[in-house]
Structures are given as C-alpha cells and as structure tokens.
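The values are calculated or read from the model by the stated rules, or taken from the named source; none is laboratory data. What you are looking at is a predicted structure, and each value in this text was computed from that prediction instead of being measured. Please note: Cβ atoms are built from the backbone with ideal geometry, for glycine as well, and neighbour counts cover all protein chains shown.
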Amino acid sequence: MEMRHQLREQLKRLKMPGLWQALDVRLGEAQSNNLGHLEFLSLLVQDELVNREDNMLSKRLKAAGFGVQKSFEDFDYRFNEEALPASMLRDLATCHFISQKQNLVIGGPPGIGKTHAVKAIGHQAARCGHQVLFRTTQKLLAELQSDSSERAERILRRAVAVDLLILDDFAFRKLDQREAELLYLLAEERLGRASTIFTSNRPPEDWYAIFPDTVVGGAILDRLVSSAIKIITTKGRSYRREVMGTGNRSLGDATP
Ligand code: ADP
Ligand code: MG
C-alpha cells in the first residue's frame, strides 16, 4: 500500500496520469498473461502516450472553436456526391493540402453540407496534429475589431499563425475599409505559409463586389483563390431541407 501511495505521488509529480490510470488493468494483464517486465513497462508507457495524445487533441479541438463539432463519421458522402465529390473530400481529409500550404474554396448553395465538410476537415487536421481556427468570417472580423485591443491582438496572432484557418460564410455581405484591410493583412501573412479554407454561398466571381475598393479586393482575391483547390457548385441537394426538413435559412446559414 505504501509503495502504491508513493508511486502515485511520483507519477503526479512527473505528470503521468495515464500511466497511473492504466496500472491496475496492466498489472492484472501481467499476471494472467505472464507478461515480461519489459513488455509490461512498454504497455504502460504506451498508455501514458495515448493519454497525452488524447489530451492534446481535445485541446486542439477546443481551441479551434468549432461550436457544434462535425466529423466525417457522421457525413453521408453519397448524399451530395456531385456537388461535394467524395474522392476530393477524402483526399482533403488526409491533410496533404495543409502540408502543401494550399488554400481551399468551397462555394455552393445553402444547406448542401459546406460547413459540415469543412468542420470535418478541420477535425481531421486537429487529429493530424495541426493547430486549427474555425470562425464565420463575420465573427472573426468582429473579434479582430474587439474593444479590447489585447483580445483583438490575441485572435489576430492566432488567425495568422494557425496551420489551418477556416473562414466560413465568406462574402456574406459588403465589407468596410477596415474589414478589407484586416482580410488583406491575413491574406498577406498566410499566403504560401499556411492553409486557409473559405466557404461561401456565392461563387468566387461574386466576391469582388464585397470589397469597398474592387481593385484592391481583386488583388486580394486573386491571391487567395487563384492557386486554391476549388469545389464550386451551383447545384447540390439541401440536406437541411430534404433530410432534416427544416428548410433553407437565409444567406448566413453557418451552423452555430
Ligand atoms: P451549408 O454550410 O452548405 O449551408 P451545412 O453544412 O450547415 O450546410 O449542412 C446543413 C445541415 O445538414 C447540418 O446540420 C449538417 O450537419 C447536415 N448535413 C449536410 N450534409 C450532410 C451530409 N452529407 N451528411 C450528413 N449530414 C449533412
Ligand atoms: Mg454553412
């Protein structure tokens, strides 16, 4: 008992809770399966590693700010195969495009699963060990102009630095000068350095009109979109309407 107590305290100091949690199971296993010392130790170290990785993944998912989380496990690939090709989504889920620092643009009508798909890609990215930030474009722009300059700076630093920035519902409405400048700054900092995903209910050719200065806007967009992977559709079935029976919401249809 004394030794157990001591071990528990030592593992606490070493910050190895996974090993402690697994100890009794592994001790039982060692006895019934006659595990060698080395095998026993190796299993416990493995348990600690799995526990740490789980914790780090939870932290990355929380920091991403998905709100309602969506993953490919609850995504029906066949439902909108034409609008959102399964092969492309599966390819994106490998996170190769993030290592390649490529952008992704998904444009199409409301309800077809754009937000679900990019949240699922973000989930996979977190699983691959990437830092992810998910925001509707509106919300990020609001946060970047927060009254607390400290908060605004913190989110700007994250938005610039994360491996994957997901801007949902891009081109939702016209931008003012300050908002356009903030997007320009983000584009400038991230282009070729880290991936950004844009979803929109409008096709990219309509995005120019949201900028106060279409020349500057055009320059930003060309850089963001031209080399991006694109999934643009004008069709697509609304899962929201057909399966969930809740009808279309208006343009700003981001899942909360
Ligand atoms: P969009 O962003 O294109 O407007 P969403 O991704 O918000 O559409 O999808 C609307 C709702 O339908 C969400 O609750 C989403 O989880 C669900 N949904 C959409 N497509 C699928 C799909 N292929 N499989 C499972 N659920 C889906
Ligand atoms: Mg959406």
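Annotations
- Residue count, region 1-33 (criterion: polar (S, T, N, Q) and surrounded by 11 or more Cβ atoms within 10 Å (Cβ to Cβ)): 2
- Only residues that are away from ligand 1 (no atom under 14 Å from the Cβ) and part of a loop (DSSP other than H, G, I, E, B) were counted across region 50-101, and they come to 5.
- Annotation: of all residues in region 102-123 being among the polar types (S, T, N, Q) and crowded, with 20+ Cβ neighbours inside 10 Å, the one that is farthest from ligand 1 (Cβ to nearest atom) is N103.
- Extreme residue, nearest to A194 (Cα to Cα), among residues of region 106-152 that are within 11 Å of ligand 2 (Cβ to nearest atom) and basic (K, R): K119
- Residue match in region 114-134 (condition: farther than 28 Å from S238 by Cβ and of a type in the set (G, A, S)): yes
- Candidate set from region 205-234 (those that are within 25 Å of the chain's Cα centre (by Cα) and part of a loop (DSSP other than H, G, I, E, B)); member that is surrounded by the most Cβ atoms within 10 Å (Cβ to Cβ): A228
- Matching residues in region 34-49 - criterion: being touching a residue at least 24 places away in the same chain (Cβ under 8 Å) and either surrounded by 15 or more Cβ atoms within 10 Å (Cβ to Cβ) or outside any helix (DSSP H, G or I) (or both): L44, D47, E48
- Residue within region 112-133 that is aliphatic (A, V, I, L, M) and more than 17 Å from G67 (Cα to Cα) present: yes
For every residue, the table says whether it meets (1) touching a Leu at 6+ places or on another chain (Cβ under 9 Å); (2) within 23 Å of K119 (Cα to Cα); (3) touching a residue at least 24 places away in the same chain (Cβ under 8 Å).
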position: E143; (1), (2), (3): yes, yes, no
position: S146; (1), (2), (3): no, no, no
position: R158; (1), (2), (3): yes, yes, yes
position: L167; (1), (2), (3): yes, yes, yes
position: A171; (1), (2), (3): no, yes, yes
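- Among the candidates E205, E179, residue that is touching a Pro at 6+ places or on another chain (Cβ under 9 Å) and over 23 Å from A125 (Cα atoms): E179
- Residue in region 178-196 that is in a loop (DSSP other than H, G, I, E, B) and under 28 Å from G236 (Cα atoms) present: no
- The single condition among (1) out of contact with any Leu (no Cβ under 7 Å at 6 or more places or on another chain); (2) at pLDDT below 90; (3) of a type in the set (V, I, T) that I220 does not satisfy is (1).
- Qualifying residue in region 174-186 (condition: more than 19 Å from I98 (Cβ to Cβ), surrounded by fewer than 22 Cβ atoms within 10 Å (Cβ to Cβ), touching a residue at least 60 places away in the same chain (Cβ under 8 Å) and in the same structural domain as A86 (by TED's automatic domain parsing)): no
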